[in-house]
Amino acid sequence: MRTSISKIRLAAFDFDGTLVPKDIPNLDLETDIVALLQKLRQQGVYITVATGRHPSYILKRIHRFAFDAIVGYSGNVTLIANQLQAFTFMPAVVRQIAAYAGQLSQIDVTAYTKEGIACCGSRKHQAELKARLAQTERICDLNGVTEFLLSEESSVAAMRVSRICLHYADSAQASAIQTAFPKQFHDYRLVRTGNRQMEVLHAGRSKATETLKLAARFQVRADQVAAVGDDENDLEMLQRFHPSYYVGSHHPLLQQAADYTAASCRDVLAALTNKEGERNA
């Protein structure tokens, strides 16, 4: 069932590739996007971000608009009212996932802690992964930490790990691992986020589940939430909330899941702020 645009009271936006172009450093929201977001807020809509990044990335980069809440790490952390709520992986799980990935070919693991980004696995893999990720100087800052913390997974597991990612080179291999992973780790699954990366999510957490919790906090019904995204970790949001908008043109699964396909976030915001009727963005 599609909800009338006029009834929307909360809009959840993906960030990279949706509100801003992908992989452009230090980019604040453009003037027309800010104006449309402000118009949407004036119409009584809460505006949140649901991203694969850490919430600190949004706070450091975006100065022209203040979001009502931020869902980060694809659902593993949430920032609301200046309070950060983070899911923490059990130490045994961190070790088991690192060991599992170590048995696979060309799969590396990163664990994100408050202290830094840890590259689990062999020293060779640590060096290779650090070199690959260091191609952008933003990698640590974008993920809520300040530096690489190269360490064995046993010591990393003793820290508060709130994000685990598997990095791959072969998309076909990634698909097989994505299918097999929940059979090995029954409470967890893999979702693709970004370039050649899969994120480990608890089976009960996603951008959609955490957006639902925000809606309840704001006293907004689930059928009053709109979702906008462009990547696989947005899939559940696009399926769960209506109207939902896929921004892009090359992902058939997301196109099928969303109510509408839009060329840009500007088109989505124009539709959401237009109370006259509903039309394909």
Practice item. Provide the convex hull volume over Cα atoms per residue for the range 183-281, in Å³. Key: 113 Å³
Study note, to complete from the structure: Per DSSP, the loop-located trypsin sites (Lys or Arg not before Pro) within the range 1-106 having at most 16 other beta carbons within 10 Å are Arg2, Lys22, Arg64
Exercise for review: Take each of the peptides 239-247, 218-226, average the number of other beta-carbon atoms within 10 Å over its residues, and list them starting from the highest.
Suggested key: 239-247, 218-226
Review point. How many Å² of accessible area per residue for the range 1-104, probe 1.4 Å?
Key: 44 Å²
Check your understanding: DSSP beta bridges in the range 157-268, what fraction antiparallel, as a percent rounded to 5?
Key -> 55 percent
Practice item. Pick out, in residue order, every one of the GluC sites (Glu not before Pro) in the range 207-247 that is DSSP loop and has at most 15 other C-beta atoms within 10 Å; say none if there are none. Key: none
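The values are calculated or read from the model by the stated rules, or taken from the named source; none is laboratory data. None of these values were measured; they are calculated from a predicted model. For neighbour counting, all protein chains shown are included, and Cβ atoms are generated from backbone atoms with ideal geometry for every residue, glycine included. Each accessible area value is taken on the protein alone, full model and side chains, heavy atoms only, with ligands, DNA and RNA left out. Shrake-Rupley method; radii C 1.70, N 1.55, O 1.52, S 1.80 Å.
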